[in-house]
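Asker: Got a structure for you, written out below as C-alpha cells; questions coming shortly.
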Amino acid sequence: MLNLIRRSKPSSLCSLASKITRFKDPYPSHSSPSQTAIATVAGRWRLPLTAKPVVSSTGYDAWRRSYYTARSELQHFRRRQGPRWYQNPRIVVLVVIVGGGAAVTLYYGNIETVPYTKRTHFVLLSPSVERQLGEAQFNEIKSALRGKILPALHPDSIRVRLISKQIIEAVQRGFRHGDQPWSDIDYASEQPSPEFAYSASPEKARGTIRALAGGDEEVRWSKEDEVLDDEWVHHSRKEGKARGSQPATRHLEGLNWEVLVVRDDMVNAMCLPGGKIIVFTGLLDHFRTDAEIATVIGHEVGHAIARHSAEGITKNLWFAILQLILLQFFGMPDVINAMSHLLLRLPFSRRMEMEADYIGLLLVASAGFDPRVAPRVYEKLGQITGDSALRDYLSTHPSSKRRAQILSQAEVMNEALALYRETIAGHGIAGFL
C-alpha cells in the first residue's frame, strides 16, 4: 500500500488526502502535539496537506487537517513513573527491619516450655484453635465408630472413667492448680455435636478408622529424633531451671474433659487436644489391671498437656500454613475438619514419646498407681508385636524394649516412686511438673 502511494501522481494523492475524514476544530488557532506529530509524518511521506473550509451551522469556518499515516511509523510512549519500591535502598532496609522484627516477635511470642523436661518448643497454634481441632476430630471419631461406643453405665466405661478421673486430678496437682478445682470428667455422648455434623460422611469415617489403625504407612524418624538415652532430658532440665522456665498451662484452662470407650479389638488409646480421652476395649483385653490401664492413659494425657499435636502441626508449617490462616481469620468449618486429620496422621517424634512417658509416669504415681508397672507395660507391648492388633499401637510408639529399659533406669523413676509413696501415705505432692 505504501509503495502504491509513493508511485502515485500528486493529483491522485491530493484526491486521496481530500477524501480522508475531516474533524471539526472549534479552536483553529491552536494545534495539539498530536497534530504536530502527524504533520511531521506526513512531511516524511511528502503528502500534500489539504484543508477545504466550509461554512458550518455554528459559524466556524475551520477544520482539522487530516493526513495519511502509516501505523508502523507511530510511536507510543509510556507515562513516566517513579522507581519501584525495591529500587529504593531506604525502603528495602525498612521492609527488612520491620519484617525481621515481626518474625522474631512471632517466634519468641510462641515459644513454650514442656512440663518436666523443660524443653522449649515453637507452637504456632493458639490454644483455642487447638481445642477446636480436637473437638472436630473427637466428633468425627464418634461418627466413624457409631454403634460401637459403650454406654456410660457399662462396667468398662465406669472403670475407665474412674481411672481417667484420677489421672486428671494428678494433672491438676502437678501444675499447682489445687486452689481452682477443675470440672469433673464426664462420659461423652455417643452423638456428635451438631456444629460438627458435616464431618459425618462414610468416606471420612473410613479415613478416620484407617488413621486410627495406623494404615500401611511406615513411621520414619529423623536423625535428631533417634533418641537412645535420656541425657538430653537432664541437659534440658538443667537449662530450664537456670532460666527459671515455667511450663505452659494456658491450654488446660477451662477444659471439658470427656472419656469414651469403644468396643473394638484395636489395641489403642488416645487423648485429643481439648481433653478428649478415647480407649478401645482391645487395650482392656490385653491389660487387665488398673495400673496398666492408667499407664497407657497417663502417657496419652502426657501428649496432650505437652501440646505435642500442636507442635507436630507447627513443624509441618509449610503444609498447613494456608489452612492455618483461613482457620485463624475466617473460622471455616471445612478447614477445621481437614486440619483435624493431622492429629491422627502426624506421628510423634521419639523425643515427644519420651516426654509423654516421663510425664505419664509421674501422673500415674501421683494418682496412686505403682509406677514400676510402666516398664513392664511397654515391654509387654514389645513381646507380642506379632499380634496385628498390637501393631496398631506400636506403629506410632517406637522401640518398646529399649523404651522400657530407659524408663526403668531413668532418674524420673526414683522421683515417681517417691511421689507414689507420699500419695499412698496420704500426703499429696503438688508442683511436680
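Asker: Of the conditions (1) part of a loop (DSSP other than H, G, I, E, B); (2) in contact (Cβ under 8 Å) with a residue 60 or more places away in the chain, PRO151 satisfies every one except a single condition; which number is it?
Answerer: Only one criterion is unmet by PRO151, namely (2).
Asker: Sticking with this structure for a sec: Name the residue, out of ALA136, ALA188, that is under 15 Å from ARG263 (Cα atoms) and of a type in the set (Gly, Ala, Ser).
Answerer: On the way: ALA136 fails: under 15 Å from ARG263 (Cα atoms).
Answer to the selection: ALA188.
Asker: Let me ask something else. Specify the residue that is nearest to ALA248 (Cα to Cα); the eligible residues are those in the stretch 125-151 that are open to solvent by 10 Å² or more (accessible area, probe 1.4 Å) and polar (S, T, N, Q).
Answerer: The qualifying residue nearest to ALA248 (Cα to Cα) is SER126.
Asker: Looking at the structure I just gave you, is GLY240 more than 18 Å from HIS121 (Cβ to Cβ) and small (Gly, Ala, Ser)?
Answerer: Numbers: more than 18 Å from HIS121 (Cβ to Cβ): no; small (Gly, Ala, Ser): yes.
No; evaluated as a whole, the condition is false for this residue.
Asker: Hey, could you check the stretch 247-283 for residues that are more than 22 Å from SER366 (Cα to Cα) and of a type in the set (A, V, I, L, M, F, W, C) and say which is surrounded by the most Cβ atoms within 10 Å (Cβ to Cβ)?
Answerer: My answer is VAL261.
Asker: Oh, and also: In the stretch 91-113, is there at least one residue being hydrophobic (A, V, I, L, M, F, W, C), open to solvent by less than 30 Å² (accessible area, probe 1.4 Å) and at pLDDT 90 or above? Quick ask: steps written out before the conclusion?
Answerer: Pass one, the stretch 91-113, residues hydrophobic (A, V, I, L, M, F, W, C): 91-98, 102-104, 106, 111.
Imposing the further condition that a residue be open to solvent by less than 30 Å² (accessible area, probe 1.4 Å) reduces the set to none.
No, every residue in the stretch 91-113 fails to be hydrophobic (A, V, I, L, M, F, W, C), open to solvent by less than 30 Å² (accessible area, probe 1.4 Å) and at pLDDT 90 or above.
Asker: Do we have any residue at all in the stretch 207-225 that's farther than 25 Å from ALA291 by Cβ, modelled with pLDDT of 90 or more, surrounded by 15 or more Cβ atoms within 10 Å (Cβ to Cβ) and not β-branched (Val, Ile, Thr)?
Answerer: Within the stretch 207-225, none of the residues are farther than 25 Å from ALA291 by Cβ, modelled with pLDDT of 90 or more, surrounded by 15 or more Cβ atoms within 10 Å (Cβ to Cβ) and not β-branched (Val, Ile, Thr).
Asker: Just one of (1) in contact (Cβ under 8 Å) with a residue 40 or more places away in the chain; (2) open to solvent by 50 Å² or more (accessible area, probe 1.4 Å) trips up LYS165, so point out which.
Answerer: Here LYS165 clears every test but (1).
Asker: What tally of residues in the stretch 389-425 results from selecting those that are of a type outside the set (Asp, Glu) and modelled with pLDDT of 90 or more?
Answerer: Residues that pass the stated criteria total 12.
Asker: Right, next: Anything in the stretch 250-294 that is assigned to a strand (DSSP E or B) and either within 21 Å of PRO375 (Cα to Cα) or of a type in the set (A, V, I, L, M, F, W, C) (or both)? List them, or say none. It would help to see each step written out before you state the result.
Answerer: Of the stretch 250-294, the ones assigned to a strand (DSSP E or B) are 258-262, 269-272, 276-280.
Hits for the stretch 250-294 are VAL259, LEU260, VAL261, VAL262, ALA269, MET270, CYS271, LEU272, ILE277, ILE278, VAL279, PHE280.
Here is a yes/no grid of residues against (1) modelled with pLDDT under 90; (2) of a type in the set (S, T, N, Q); (3) assigned to a helix (DSSP H, G or I):
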{"position": "THR314", "(1), (2), (3)": "yes, yes, yes"}
{"position": "GLN323", "(1), (2), (3)": "yes, yes, yes"}
{"position": "LEU343", "(1), (2), (3)": "yes, no, yes"}
{"position": "MET352", "(1), (2), (3)": "yes, no, yes"}
{"position": "ALA356", "(1), (2), (3)": "no, no, yes"}
{"position": "ILE359", "(1), (2), (3)": "no, no, yes"}
{"position": "LEU363", "(1), (2), (3)": "no, no, yes"}
{"position": "GLY368", "(1), (2), (3)": "no, no, no"}
{"position": "LEU381", "(1), (2), (3)": "yes, no, yes"}
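The rows are residues; the columns are (1) touching a Gly at 6+ places or on another chain (Cβ under 8 Å); (2) closer than 28 Å to GLY274 by Cα; (3) part of a strand (DSSP E or B); (4) of a type in the set (Ser, Thr, Tyr).
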site	(1), (2), (3), (4)
PRO83	no, no, no, no
VAL93	no, no, no, no
VAL104	no, no, no, no
TYR107	no, yes, no, yes
GLY134	yes, yes, no, no
GLU140	no, yes, no, no
SER143	no, yes, no, yes
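The values are calculated or read from the model by the stated rules, or taken from the named source; none is laboratory data. Computed from a predicted structure; not experimentally measured. Quick reminder, even Gly has a Cβ in these numbers, built from the backbone with ideal geometry, and neighbours come from all protein chains shown. Accessible surface is based on the protein model in full, side chains and every heavy atom, while ligands, DNA and RNA are left aside. Shrake-Rupley method; radii C 1.70, N 1.55, O 1.52, S 1.80 Å.
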